[in-house]
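Remarks on the structure that follows.
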Amino acid sequence: MTPQDKLDSAIAQNPIVPVMTVQSEAHALELGEKLVDAGYTVLEITLRTDSALDGIRVIKEKWPDLIVGAGTILSRQDADNALSVGSDFIVTPATSPRLAEALLDLPVPVIPGISTATEAQTLYDMGYKQLKFFPVESCGGAKMLKSLSSPLPHLMFMPSGGIRKDTADDYLALPNVFAIGGSWMTK
């Protein structure tokens, strides 16, 4: 099974991806335990703290079958660091042409971030098939994604940024959404 197949299979089990910002290894394990017990199959740890890489490592050590991604990837070095600790996929909040090119040859799925239709089509033209729409609520929310589904039916999104428990189903009902990212379950 390829890394993309593993990610797709895990998301098919639960399309809600908790987005975590961890403060320590213990914090990562505490959140991981709660999320695994709640049935989550995919997690994203943002590289926003000094503990993020250690958090990915300890979660992968404790739950090797759990699919753990690294978010807030801003450079190839960030991606390489995340891969070195076991990250199963990479997520960017925004994607410059330079970053998109640098991540093309990674051995794991990359979900590059966009906030416009032009950015989405540009990344698709480069070979990316799954995209993060961020920050979705500030950029039109579910209505924006719905409006993109007809003219751009070949694009699939994992929206993130402002989604709440009470709006999650609005996103999951869209035909061009394969998963959603959120932090409401990790507060």
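Brief remarks on what is shown
- Residue check, Gln4 more than 18 Å from the chain's Cα centre (by Cα), at pLDDT 95 or above and either within 25 Å of Ala94 (Cβ to Cβ) or assigned to a loop (DSSP other than H, G, I, E, B) (or both): no
- Lys143 being more than 26 Å from Glu30 (Cα to Cα), charged (D, E, K, R) and in a helix (DSSP H, G or I): yes
- Out of Ala120, Ala28, Ala102, Ala94, sole residue that is free of Cβ contacts under 8 Å to residues at least 60 places away in the same chain and assigned to a loop (DSSP other than H, G, I, E, B): Ala94
- Taken as a whole, the structure places Ile111 among residues that are free of Cβ contacts under 8 Å to residues at least 60 places away in the same chain, out of contact with any helix residue (DSSP H, G or I) (no Cβ under 8 Å at 6 or more places or on another chain) and surrounded by 20 or more Cβ atoms within 10 Å (Cβ to Cβ).
- Every pair of residues 6+ apart whose Cβ atoms lie under 7 Å, when the first sits in the range 156-172 and is among the charged types (D, E, K, R) while the second is surrounded by fewer than 18 Cβ atoms within 10 Å (Cβ to Cβ): Arg164/Trp184; Lys165/Trp184
- Unmet requirement for Pro93, which otherwise passes all of (1) within 22 Å of Pro159 (Cα to Cα); (2) touching a helix residue (DSSP H, G or I) at 6+ places or on another chain (Cβ under 7 Å): (2)
- Restricting attention to the range 91-108 and to residues that are of a type in the set (Ser, Thr, Tyr) and buried (at least 22 other Cβ atoms within 10 Å of the Cβ), the residue that is nearest to Asp5 (Cα to Cα) turns out to be Thr92.
- Screening the range 7-25 for residues that are small (Gly, Ala, Ser) and in a helix (DSSP H, G or I) and picking the one that is farthest from Gly86 (Cα to Cα) gives Ala12.
- For Leu29, the requirement of being farther than 19 Å from Met185 by Cα, surrounded by 14 or more Cβ atoms within 10 Å (Cβ to Cβ) and at pLDDT 95 or above is not met.
- Every residue from the range 161-187 that is of a type in the set (Asp, Glu) and surrounded by 14 or more Cβ atoms within 10 Å (Cβ to Cβ): Asp170
- Residue tally, condition closer than 12 Å to Ser24 by Cα and in contact with an Asp or Glu (Cβ under 6 Å, 6 or more places away or on another chain), over the range 48-69: 2
- The listed residues are Lys132, Lys146, and the only one of them that is of a type in the set (Lys, Arg), without any contact (Cβ under 8 Å) to a residue 60 or more places away in the chain and either surrounded by fewer than 22 Cβ atoms within 10 Å (Cβ to Cβ) or over 24 Å from Asp80 (Cα atoms) (or both) turns out to be Lys146.
- If the condition is being outside any helix (DSSP H, G or I), small (Gly, Ala, Ser) and under 18 Å from Gln4 (Cα atoms), then the range 43-90 contributes Gly69, Ala70, Gly71, Gly86, Ser87.
The values are calculated or read from the model by the stated rules, or taken from the named source; none is laboratory data. Remember, it's a predicted structure, so these values are computed and weren't measured experimentally. Here the Cβ is made from the backbone with ideal geometry for all residues, glycine too, and neighbour counts use every protein chain on show.
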